[in-house]
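Single-structure report; data block below.
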Amino acid sequence: MLGFLAEAGEAFVSGEAISDKLGFTRAAVWKHVEALRAQGYRIDAVPARGYRLAAIPDRLTALELRPLLDTHDVGQVLHAFEVVGSTNDHAKGLAEEGATHGEVVIAEAQTSGRGRRGRAWVSPAHRNAYFSVILRPDLPPARAPELTLLASVAVCDALRQAGVQAGIKWPNDLLAGGKKIAGILTELSAEPERVHWVVVGIGVNVNAGPEDFPPELRGEATSVAIERGEPAPRALFVAACLTALEGWLDRHDEEGFEVIRQAWRARSDTLGREVMVRTEGQEVVGVAEDIDDAGALLVRRGGRGGELRRILSGDVQLLRAR
Ligand code: BTN
């Protein structure tokens, strides 16, 4: 019932529609409403209009998340913690012990949240979303970067659904208003021909306020709440991310990387811009022209007709504001 009400968003659902859809009597619908209210869910009930989910408890436990997930794999097994060192580290341990495709590790806080290139990921308790998804794709390791780009497309969709005009900075930083709102850290274990597992770690600044960021990050980081001007229900947001992730994983399985590449391009904040990329001790300045069929960034140096550099990994700085 919770999933049904959540799907309706801000619309009312009639008691009749709920009993028809879920096969409950009208009295049972009312009993479930009362039970949900007792757990902290706010449900509006208006005669002749029906029921509306007005607020859900701001906790990220299996109890809140499970009913919101309309997925077949992703998040069906959920490991939820109050605090961990890093959800990626925990997920890697589970993957080594044989965890299945789609298992998710989520925590309310991380004591050693990690970002790309050995940086720390600021992870205050009960404010944001920190989770890692274990994947067992049928891919050679050289194609694993496709999953990183895929994850950035999924998180971008969830952010836009939450009302934030987000874009992607290559390869997988999510920006809003030129500031970082989410990041993705992908780690994997593989042998030359086959990936054993991939852990996609996603950190989204959901309800962090400026005071939650250390002073040196305040000019560079933002959150969903800062962008929207009001807090967002975190469980709904995480469920939207996981649902979008599974949707894009299915499309990737069926149609291959090209569909992800097109979706990434359409959400990119990088293409067509002048950039500086730090890569393997070098700095490459030029215009980011495209990503190729392996997800590498193509940067044209020295204007039209200049050399095209193919960059497989690096840190991009956008040189001019839009
Ligand atoms: C980046 O932009 O540098 C990537 C940040 C990734 C942060 C997430 S939070 C959940 C998961 N656990 C971690 O320790 N890191 C990732």
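Taking segment 42-132 as the region of interest, the strands (runs of 3 or more DSSP E) fully inside it that hold 2 or more residues being within 14 Å of the ligand (Cβ to nearest atom) are 78-84, 104-110.
Of the residues making up segment 286-295, those that are closer than 16 Å to Val275 by Cβ, among the aliphatic types (A, V, I, L, M) and touching a residue at least 24 places away in the same chain (Cβ under 8 Å) number 2.
Looking at the structure I just gave you, is Pro214 away from the ligand (no atom under 16 Å from the Cβ), at pLDDT below 95 and not basic (Lys, Arg)? Spelling it out, it is not the case that Pro214 is away from the ligand (no atom under 16 Å from the Cβ), at pLDDT below 95 and not basic (Lys, Arg).
Residues that are at negative phi and more than 18 Å from the chain's Cα centre (by Cα): which helices (runs of 4 or more DSSP H) entirely in segment 178-287 hold 2 or more of them? Give the derivation first.
Values: elements: 224-228, 234-255, 257-267.
Filter on segment 178-287 gives 234-255, 257-267.
Take Gly163 and decide whether it is at pLDDT 95 or above, in a loop (DSSP other than H, G, I, E, B) and either farther than 24 Å from Arg136 by Cβ or within 16 Å of the ligand (Cβ to nearest atom) (or both). It is true that Gly163 is at pLDDT 95 or above, in a loop (DSSP other than H, G, I, E, B) and either farther than 24 Å from Arg136 by Cβ or within 16 Å of the ligand (Cβ to nearest atom) (or both).
Table: residues versus (1) farther than 24 Å from Arg267 by Cα; (2) not aliphatic (A, V, I, L, M).
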| position | (1), (2) |
| --- | --- |
| Thr111 | yes, yes |
| Arg114 | yes, yes |
| Ser123 | yes, yes |
| Ile134 | yes, no |
| Arg143 | no, yes |
| Leu149 | no, no |
| Gln161 | no, yes |
| Gly167 | no, yes |
| Leu185 | no, no |
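Checking each residue in segment 302-312 for being part of a loop (DSSP other than H, G, I, E, B) and either within 32 Å of the chain's Cα centre (by Cα) or closer than 14 Å to Arg273 by Cβ (or both) picks out only Leu312. Give me the pairs, please: first residue somewhere in segment 185-214 and closer than 21 Å to Gly93 by Cβ, second residue anywhere and more than 14 Å from the ligand (Cβ to nearest atom) and of a type in the set (Phe, Trp, Tyr), beta-carbon distance under 6 Å, and either six or more positions apart or on two chains. Once the first residue is closer than 21 Å to Gly93 by Cβ and sits in segment 185-214, its partners that are more than 14 Å from the ligand (Cβ to nearest atom) and of a type in the set (Phe, Trp, Tyr) give Ser189/Trp197. Inspect all residues belonging to segment 154-161 and state whether any of them is open to solvent by less than 60 Å² (accessible area, probe 1.4 Å) and among the acidic types (Asp, Glu). Scanning segment 154-161 turns up at least one residue that is open to solvent by less than 60 Å² (accessible area, probe 1.4 Å) and among the acidic types (Asp, Glu). Would you call Arg136 more than 14 Å from the ligand (Cβ to nearest atom) and among the basic types (Lys, Arg)? Criteria met by Arg136. Look at segment 251-272: where a residue is closer than 23 Å to Lys179 by Cα and a partner is in a helix (DSSP H, G or I) and open to solvent by 20 Å² or more (accessible area, probe 1.4 Å), sitting 6+ places away or on another chain with Cβ atoms under 9 Å, you get Ala263/Asp157; Ala263/Trp248; Ala263/Arg251; Arg267/Asp157; Arg267/Arg160; Leu271/Arg265. Taking segment 32-51 as the range and being in contact with a helix residue (DSSP H, G or I) (Cβ under 8 Å, 6 or more places away or on another chain) and farther than 18 Å from Phe237 by Cα as the test, the residues that pass are Leu36, Gln39, Ile43, Ala45, Gly50, Tyr51. Reported count of residues in segment 1-35, each being loosely packed, with under 11 Cβ neighbours inside 10 Å, under 25 Å from the mean Cα position of the chain (by Cα) and in a helix (DSSP H, G or I), is 0. What are the residues in segment 61-98 that are at pLDDT below 95 and either open to solvent by less than 30 Å² (accessible area, probe 1.4 Å) or touching a Leu at 6+ places or on another chain (Cβ under 9 Å) (or both), if any? Of everything in segment 61-98, those that are at pLDDT below 95 and either open to solvent by less than 30 Å² (accessible area, probe 1.4 Å) or touching a Leu at 6+ places or on another chain (Cβ under 9 Å) (or both) turn out to be Thr61, Ala62, Glu64, Leu65, Arg66, Pro67, Leu68, Leu69.
The values are calculated or read from the model by the stated rules, or taken from the named source; none is laboratory data. On a predicted model such as this, the values are computed, not experimentally measured, just so you know. Here the Cβ is made from the backbone with ideal geometry for all residues, glycine too, and neighbour counts use every protein chain on show. Accessible surface is based on the protein model in full, side chains and every heavy atom, while ligands, DNA and RNA are left aside. Shrake-Rupley method; radii C 1.70, N 1.55, O 1.52, S 1.80 Å.
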